[in-house]
Amino acid sequence: MGHMIILWVVLSEDGVDFYKKKTDRSPKGMIPLKGATLSSPCQDFVKRMLVFKITTEKKQDHFFQASYVEERELWVKDIKRAITCIQGGKKFARKSTRRSIRLPETVNLAALYTEMKNQDEGVKELKLEQENRVFNHCFTGATVIDWLISKEKARNRPEALMLATGLMNEGFLQPAGDLSKEGAESGEQAAFLDETKALYYFADSGFFCEGYSSDEDVLLKEEFRGNIIKQGCLVKQGHRRKNWKVRKFILRDDPAYIHYYDPAKADDPLGSIHLRGAVVTAVDYVPDAKKKDIDGNLFEIITADETHYFLQAATDQERKEWIKAIQMVSKSGK
């Protein structure tokens, strides 16, 4: 994909002009919006979050990365409106696009997350107690905001809050307690809370919570103890209705489990597959699937208790990687 560079981008009535820096008089280039299409979120880059794509009439792709979710949504909304206006022969005018925002890579959330997890310089993972429960590998919302400001990632708390919300929306930070979960599910925009009572954890840490009374929760906690080996989206065949749906999968070892989630909600798993002693193989077809529904890159997991799961990866390479990872975990994991 080449490297991302920071540009100053202005949406005009018939195109997106980009400048090397804000103070430049003339643009470095222009992307014409007549006959263009816009895709968001853009799934071409798994590693890069918050990317959207403009494809011009001549089929050239231009990628932009916003620094947080709301920023991407604002741009997407305006560019779509501009494209619609051009189609209808109307003039697109919106004053606030004049005070444009820097677009690509003002922030690379994945890199920020890596820094945050640094043992010495990052956010410290603690054992925190709240309402008869002990949260392991946890930290407070206020700590995250303090860290972002102290590391000069943000100038002030509102700005830091936008970054933290971006990290949470893209799944890097997870809400741990009741308060932070309420914030994450509140209304239109998920809110990260700048509070000492709001608890969060790193998505791929060893987070677990102790002190629930019911046995079921203890069991569930155990399933999530392992390290995350691999995660991503696959298409899965439903068990009762044989329909195929995109699910987010998270593979953990020790204990060996794969959990799958609704990618739109992704808080509680829809189900889990215990992989110890499971067999996983590439298959060419699924007995009761129609060819038009599903084709290619299929694989099957057969658990120790003989339950069959059929999955489909996006590419052959991805299928190989998943099979290899699942095989490894099914042999070594408890």
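Values as computed for the structure displayed
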quantity: Virtual paramagnetic centre 7 Å along Cα→Cβ of residue 243, amide N under 18 Å, in the stretch 293-316; calculated: 293-295, 310-312
quantity: Debye, to nearest 20: dipole size of the stretch 116-180, +1 on Lys, Arg Cβ, -1 on Asp, Glu Cβ; calculated: 100 debye
quantity: Calculated from backbone phi, Karplus (6.51, -1.76, 1.60) coupling profile of the stretch 249-254 in Hz, x at Gly/Pro; calculated: 10, 10, 9, 10, 10, 6
quantity: Unit Cα scatterers, Debye sum, the stretch 244-317: log10 I(q)/I(0) for q = 0.19, 0.25 Å⁻¹; calculated: -0.89, -1.30
quantity: Amide H contacts under 5 Å for residue 50, placed H, 5+ residues apart; calculated: none
quantity: Residue pairs, from the table 248/331; 53/90; 77/124; 127/181, whose Cα atoms sit over 28 Å apart; calculated: 77/124
quantity: Descending Cα extents along the principal axes, the stretch 124-177, whole Å; calculated: 36, 22, 16
quantity: Label-point gap, in nm, between residue 155 and residue 59 - each point 7 angstrom along Cα→Cβ; calculated: 4.4 nm
quantity: Computed label-point distance, nm, for sites residue 318 and residue 262 using a 7 Å Cα→Cβ extension; calculated: 2.1 nm
quantity: The stretch 293-334, dipole about Cα centre (Lys/Arg Cβ +1, Asp/Glu Cβ -1), debye to the nearest 20; calculated: 360 debye
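Every number in this text was worked out from the coordinates using simple rules, so none of it is lab data. Remember, predicted model here, so these are calculated numbers, not experimental data. Backbone-built Cβ (ideal geometry, glycine too); neighbour counts: all protein chains shown.
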